[in-house]
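Here's the structure, in structure tokens; my notes come after.
A short reminder: the numbers here are calculations on the coordinates, not readings from a lab. Keep in mind that what you see is a predicted model, and the values were worked out from it rather than measured. FYI the Cβ positions are ideal-geometry reconstructions off the backbone, even for glycines, and counts take in every protein chain you see.
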Ligand code: PMP
């Protein structure tokens, strides 16, 4: 009965810490609006930063792809699941981002697990930003390599860890735009330090790709950095789901030959690749969408300066307000819901203890007026 008591204990602790997480049933989600339990809210909790999940060209491409190629891939890519649509998407991604190769994964979580599991051996060390995503930190801590974490977004802290000579390889791991704080990694400094230490840099740009940089090429392109390993995910700026690893030929071959996550997993549906190709085209031509999003970000930050909650140093679509206690963050989220705004409260362990927050996300689908009304509701809630 070890499992039953363990489960009961964990659930009780979560309830008592105001940490219980609900998966609410969404009835309708148009990026700008969301309907749950019969009520419609202005939506400020989507990672669909450009609104592409609703784009007619993306939807049509998925429908046409399914009509042509069926609903699913039918097998792993190493058996018969790799189609011309997969190949075309990989080629276009590699070309767009300036890499030799791209390899598709079913999710960003899987891609991060795959790459770290494959590369990290016992003698190696992984040096990760303290706020790197759970998929990166989990993979690193479950790997045989040594995991050390450096202070969030502080290259000086990384420098201290790098000062100890490694036994094996050094893999430096960061996000491009941090998912819960919204700030951008100092990629040039990280890349330079990693190069000097003869290591490799892995950047997970889940929240930057599509949204920043020329043609939406993301944080690395924007900062003039080309990490050895770039992970891009498709559930945010692309409005779909899935992910890709961008790397050189030999690394791609190594992953293709040895990654159990890739070999023993059904390939992404070909129709999804069609949708992603259409989303990629919208992103490449998406300057107007990005300008619109950036104007919302500037408007929100200017308007939020006098709120009593800490605004983070973020120029991205992610604009968290740090509230502190779990119960206070939940109460604020509920207060906003009563006023017609859907903004999720994010609590530990997703964020450090004592930093529960409202994670406000802005999208190109919003109108200027939406930002102004949200700010009014926040000032009302502040009393
Ligand atoms: N990396 C980061 C930085 C993320 O925010 C997320 C999603 N929360 C992931 C990876 C996982 O990506 P996916 O949703 O495609 O599994």
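Among 165, 144, 352, the largest mean-square fluctuation in a Gaussian network model of the chain (Cα springs under 10 Å) belongs to 165. Take 256-263, 13-20, 216-223, 362-369 and order them by the average number of nearby Cβ atoms within 10 Å per residue, most first; the result is 216-223, 362-369, 256-263, 13-20. Averaging 1/r across all pairs of distinct Cα atoms in the chain and inverting the result yields a Kirkwood radius of 21.8 Å. Relative contact order for the range 56-284: what percent, with Cα pairs under 8 Å and sequence separation of 6 or more? Dividing the mean separation by the residue count of the range 56-284 yields 31 percent.
Cα extents for the range 318-383 along the principal axes, largest to smallest and rounded to whole angstrom: 34, 26, 14. Take the Cβ atoms of residue 80 and residue 24, set R0 to 51 Å, and the FRET efficiency comes out at 0.85. Footprinting exposure proxy ranking of 379, 99, 82, fewest other C-beta atoms within 10 angstrom first, gives 379, 82, 99. In the chain, helices alone account for a calculated mean residue ellipticity at 222 nm of -13000 deg cm²/dmol, with every DSSP H run of four or more residues adding -39,500 (n - 2.57). Global size of the range 56-284: 17.2, 56 Å for Rg and Dmax (C-alpha atoms, Rg to one decimal, Dmax whole). On a per residue basis, the convex hull of the C-alpha atoms belonging to the range 39-128 measures out at 209 Å³. Simple spin-label estimate for residue 152 and residue 337 gives 2.5 nm between the two label positions (7 Å along the Cα-to-Cβ direction from each Cα). Taking the chain as a Gaussian network of alpha-carbon nodes connected by springs under 10 Å, the highest mean-square fluctuation of the residues 361, 164, 174 belongs to 164. Name the residues of the range 82-107 whose amide N is less than 11 Å from a point 7 angstrom out from the Cα of residue 249 along the C-beta direction? Residues 100-101 fall inside that zone. Per-residue Cβ neighbour counts within 10 Å put 312, 268 in the sequence 312, 268, beginning with the fewest. Within the listed set 332, 52, 104, the Gaussian network model of the chain (springs between alpha-carbon atoms below 10 Å) gives the highest mean-square fluctuation for 332. Expressed to the nearest 5 percent, the antiparallel share of DSSP beta bridges inside the range 56-284 is 40 percent. When 2, 343 are sorted by how many other C-beta atoms sit within 10 angstrom of their C-beta, beginning with the fewest, the order is 2, 343. For the chain, relative contact order (Cα pairs under 8 Å, six or more residues apart, normalised by length) works out to 23 percent. Taking every DSSP beta bridge that has both residues in the chain, what percent is antiparallel when rounded to the nearest 5? Restricted to the chain, the bridges split so that about 60 percent are antiparallel.
Short-range pairs are left out: with C-alpha atoms under 8 Å and at least six residues apart, the relative contact order of the range 84-138 is 28 percent.
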